[in-house]
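Each remark here refers to the structure printed beneath this line.
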Amino acid sequence: MLRYWMLVVQLIELFVSALVHMLYGFYIFSSAVAGDLSQGLSDWYFKPNMDLVIKELQQNSTSTGLKDLPPIVLVHGIFGFGKGRLGGLSYFAGAENKDERVLVPDLGSLTSIYDRSRELFYYLKGGQVDYGDEHSKACGHSQFGRMYERGNYPEWDEDHPIHFVGHSAGAQVVRVLQQMLADKAFKGYENTSESWVLSITSLSGAFNGTTRTYLDGMYPEDGKSLKSICLLQICRLGVIVYDWLDIPWLKAYYNFGFDHFNMSWKKKGISGLVDCLLGSAGPFSSMDWILPDLTIQGSLALNSHLQTFPNTYYFSYATKRTSKIMGITMPSSIFGIHPMLFIRVLQMSQWRHPSEISPPYKGYRDEDWQDNDGALNTISMTHPRFPIEHPSHFIQDDSTCESLRPGIWYYKIVEGDHILFIVNRERAGVQFDLIYDNIFERCRKHVFKRNPQMLPNEAQQ
């Protein structure tokens, strides 16, 4: 009888979680549509003089010397989108307008860290996205993807490096890209190196995985397979149907990024849809999607070959929405946490690794993973920790961080949930401006310093 009631409670929780997430998705989509309609009407009634606009832009570009500034690239996280998707809606809540040289690429919102890193390279350099022959065959998708006729920063090289700012999974995407550059992993580009990256700034970065993946449906035994009934299964089915229907205007508005899997009805037909739904084909079959990379096991596998390079500046803002009450970790606020994340903050703070399963790494402790922001555990966001801890330094106030050295992760813990600094800037208030102003000012300050320096704990690495 007890098991029956536990099942009922789990199903109710699943229904509520699915409903909240779908309502939030509908809110974002409808907000984008409403914004586009409003902008369209405004443009129709008040048509600007395009000759004057172009002339003004050209004057601004010349006067500020934009060509001399290395671009700052903002990389979105899971379910995110770049410039050009969802109409005029900004994933980074307009933060890109704080600097004159900012790029906001649109990458696959659910594709794997590996695939997104490849897409980011070709977005910047130009050309057709090449996922690699070996990887493509292993994962069952096309080797080539989207074509960029002209890159958004084609001069990118060691003499023209870039600043990267990544939110959530976007931070790990940038780390993988930098490692690919160091490994010269792009065919036809034998001169790449880690020095192409000036700095990496992480906002709630997914460096070491998250226990939320297990709450949403990933099996903690392997960190790859999905439970039969869970939130991620609902997501999986929805994504497959969305891609199979392949409605051009809808996919132009928002795309999960699985075009290289060719799941469209035009290519797969009914039988292909059935294969994908049953899990015998597609990205969810080959595990070439984002969630396996966000488990603790998946992050350990990625981190095992990712380096922190001595010539690159690293910064991290870890978010936290929990506090201890009589020794018990609980949500720190009711009204300060987004409704979509409140339940998950509570669940993540109480989650325990199954005792009958081997821990994901030696020395694992549940209490280390209790603080969280509703999507990621705070321990995961500070800096790369597992399987080997990278050089790091905790800072309490940005103003005290005057003399910075490359090759060290400077991290700060901020009170906020996982989506505080994206989509809706009003939620963060003045904190939004403080965070992004500090990030952009720091990027512009540390531009040309590249001399290698000895790290304080380099001998331990």
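The values are calculated or read from the model by the stated rules, or taken from the named source; none is laboratory data. Predicted model, so just to flag it, every value in this text is computed and none were measured. Using ideal geometry, Cβ is built from the backbone for each residue, glycine included, and neighbour counts are taken over all protein chains shown. These accessible areas exclude ligands, DNA and RNA; they are computed on the full protein's heavy atoms, side chains included. Shrake-Rupley method; radii C 1.70, N 1.55, O 1.52, S 1.80 Å.
What are the residues in segment 205-230 that are of a type in the set (A, V, I, L, M, F, W, C) and open to solvent by 30 Å² or more (accessible area, probe 1.4 Å), if any?
Here is the first cut: in segment 205-230, the ones of a type in the set (A, V, I, L, M, F, W, C) are 206-207, 215, 218, 226, 229-230.
Of everything in segment 205-230, those that are of a type in the set (A, V, I, L, M, F, W, C) and open to solvent by 30 Å² or more (accessible area, probe 1.4 Å) turn out to be Leu215, Leu226, Ile229.
Based on what the data block shows, is Ser168 under 24 Å from Ser17 (Cα atoms) and at pLDDT 95 or above? Give the derivation first.
Details: under 24 Å from Ser17 (Cα atoms): yes; at pLDDT 95 or above: yes.
Here the answer is yes, as Ser168 does meet what is asked.
Between Gly374, Gly407, which is at pLDDT 95 or above, open to solvent by less than 40 Å² (accessible area, probe 1.4 Å) and in contact with an Asp or Glu (Cβ under 7 Å, 6 or more places away or on another chain)?
Details: Gly407 fails: in contact with an Asp or Glu (Cβ under 7 Å, 6 or more places away or on another chain).
Exactly one residue qualifies, and that residue is Gly374.
Against the conditions (1) open to solvent by less than 10 Å² (accessible area, probe 1.4 Å); (2) without any contact (Cβ under 8 Å) to a residue 40 or more places away in the chain, where does Gln233 fall short? Just the number, please.
Of the numbered conditions (1) open to solvent by less than 10 Å² (accessible area, probe 1.4 Å); (2) without any contact (Cβ under 8 Å) to a residue 40 or more places away in the chain, the odd one out for Gln233 is (1).
Which of the residues that make up segment 377-401 are over 21 Å from Ser333 (Cβ atoms), open to solvent by 30 Å² or more (accessible area, probe 1.4 Å) and of a type outside the set (A, V, I, L, M, F, W, C)?
Selection gives Arg385, Pro387, Glu389, Ser392, His393, Asp397, Ser399, Thr400.
Considering only residues that are under 20 Å from the mean Cα position of the chain (by Cα), over 22 Å from Ile12 (Cβ atoms), of a type in the set (A, V, I, L, M) and not in a loop (DSSP other than H, G, I, E, B), which ones fall in segment 325-377?
If the condition is that a residue be under 20 Å from the mean Cα position of the chain (by Cα), over 22 Å from Ile12 (Cβ atoms), of a type in the set (A, V, I, L, M) and not in a loop (DSSP other than H, G, I, E, B), then no residue fits.
Only residues that are open to solvent by 40 Å² or more (accessible area, probe 1.4 Å) and aliphatic (A, V, I, L, M): list them for segment 153-204, please.
Passing the criteria: only Ala185.
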